[in-house]
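Q: One structure is given below, represented as structure tokens, and several questions about it will come after.
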């Protein structure tokens, strides 16, 4: 079992009369990701409401802040005991047999225009053997087609834009992979969190976006950007795309600085230090879903 300890500090300067916030920086509690401990600190004396989505396990923190400076600090320790599977054993599920909770992730969405990429997806991947290996082929295609470049996209960049420009950051890689998967009827969703083990050449630790694809009987992790180690991902939120899963959504005049994030692996409950590494098997932090 892997144990990760991390902290997130977010700083804002808020214009009068104030600003409403929705944060998604709390670690999700899932079948294979367990919360050992957490704390939340706010520099303003504010009431807050924490809501957990019963389907995705995303935890949303809502608050209304006053004008002036605001700092939000979240500290947590999580245990991750991944479900593992052999890729060759994971097949695709026919749309007619998908669990109801999976259905939203086969449709086009704001940033993942799978309908516009269907012809390309069928041409590139339609003849491949269905299953985990086809998803891996889509992941590899995106990784090889797009170059990771910091500050190369905006909040309006979509999967189609990334396909054309061939540059992006982690969220852009994720959107393109998701759109291509959905275009060949494979459910895929957008995931936000942080990661242990990203390449230090890319700069300080930051939030990370990756992909979960439904094959077999649960959601499995893929990282189309290739800049991190999937075993070291801490899951926060999931959704159709980035519009559903932003770490902070602001409703008012506000200016923010870059988040300050620290994460490290520490000995688990058995006193064993497990460090994330690349592995050949499929990984999931989600539970099994019953087919319809």
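Just so it is clear, none of the values below were taken in a lab; they were calculated from the coordinates. These numbers were taken from a predicted model, which means no experiment stands behind them. Positions of Cβ are backbone-derived with ideal geometry, glycine not excepted, and every protein chain shown enters the neighbour counts.
Q: Place a point 7 Å from Cα of residue 45 in the direction of its Cβ. Which residues in segment 59-103 have their backbone N less than 18 Å from it?
A: In segment 59-103, the label zone of residue 45 (backbone N under 18 Å from the point 7 Å along Cα→Cβ) covers 64-72.
Q: Could you calculate the FRET efficiency of residue 38 with residue 89 from 1/(1 + (r/R0)^6), where r is the beta carbon distance between them and R0 is 45 Å, rounded to 0.05?
A: E(calc), rounded to 0.05, equals 0.80.
Q: Stokes-Einstein at 10 °C, 1.306 mPa s, Kirkwood radius from Cα pairs: D for segment 88-240 in µm² s⁻¹?
A: The Stokes-Einstein estimate is 103 µm²/s.
Q: Helix 132-145 sits at what angle to the longest principal axis of the chain, using alpha carbons and giving 0 to 90 degrees rounded to 10?
A: With both axes taken from Cα atoms, the answer is about 70 degrees.
Q: If you don't mind, there's one more thing I want to ask. If segment 216-282 were replaced by its equivalent ellipsoid, with semi-axes equal to the square roots of 5 times the Cα gyration tensor eigenvalues, what would those be, largest first, whole Å?
A: 28, 19, 12
Q: Now for a different question. If I stretch the segment between residue 154 and residue 81 completely, what's the gain in nm (0.36 nm per residue apart, minus their alpha carbon distance), one decimal?
A: Gain on extension, residue 154 to residue 81, equals 22.8 nm.
Q: Using 1/(1 + (r/R0)^6) with R0 = 41 angstrom and r between the beta carbons of residue 62 and residue 164, what's the FRET efficiency to the nearest 0.05? Can you show the working numbers first?
A: Numbers: r = 37 Å, r/R0 = 0.89.
With R0 = 41 Å, the Cβ-Cβ based efficiency is 0.65.
Q: As a test of understanding, state the convex hull volume per residue of segment 47-173 from its alpha carbons, in Å³.
A: Each residue corresponds to 195 Å³ of Cα convex hull volume.
Q: Mind checking Rg over Rh on the chain, alpha carbons, Kirkwood formula for Rh?
A: Rg/Rh: 0.96.
Q: Sketch the reach of a paramagnetic label on residue 96 as a point 7 Å from Cα along Cα-to-Cβ, and name the residues of segment 150-194 whose backbone nitrogen lies under 17 Å away.
A: 185-186, by backbone N distance to the label point.
Q: Can you tell me the length gained on complete extension of the stretch residue 7 to residue 272, counting 0.36 nm per residue apart and subtracting the Cα distance?
A: Gain in length upon complete extension: 93.3 nm.
Q: Roughly how many Å is it from the Cα centre of segment 176-194 to that of segment 1-58, as a whole number?
A: Comparing the Cα centres of segment 176-194 and segment 1-58, I get a distance of 24 Å.
Q: Same structure, new question: Based on other C-beta atoms within 10 Å, arrange 34, 236, 6 from fewest to most. Mind showing how you got there, number by number?
A: Details: 34 16, 236 24, 6 20.
Placing the least packed residue first, the sequence is 34, 6, 236.
Q: Let me have the relative contact order for segment 87-161, percent, based on Cα pairs under 8 Å that are six or more residues apart.
A: So the answer I get is 49 percent.
Q: Run the numbers for residue 53 and residue 140: contour at 0.36 nm per residue of separation, minus the present Cα-Cα distance, in nm.
A: Working: separation 87, 0.36 × 87 = 31.32 nm, distance 3.16 nm.
Result: 28.2 nm gained on full extension.
Q: Hey, fewest Cβ within 10 Å first, where do 219, 141 land in order?
A: The fewest-first ordering by Cβ neighbours comes to 141, 219.
Q: While we're here: Helix 170-183 sits at what angle to the longest principal axis of the chain, using alpha carbons and giving 0 to 90 degrees rounded to 10?
A: Approximately 40 degrees, to the nearest 10.
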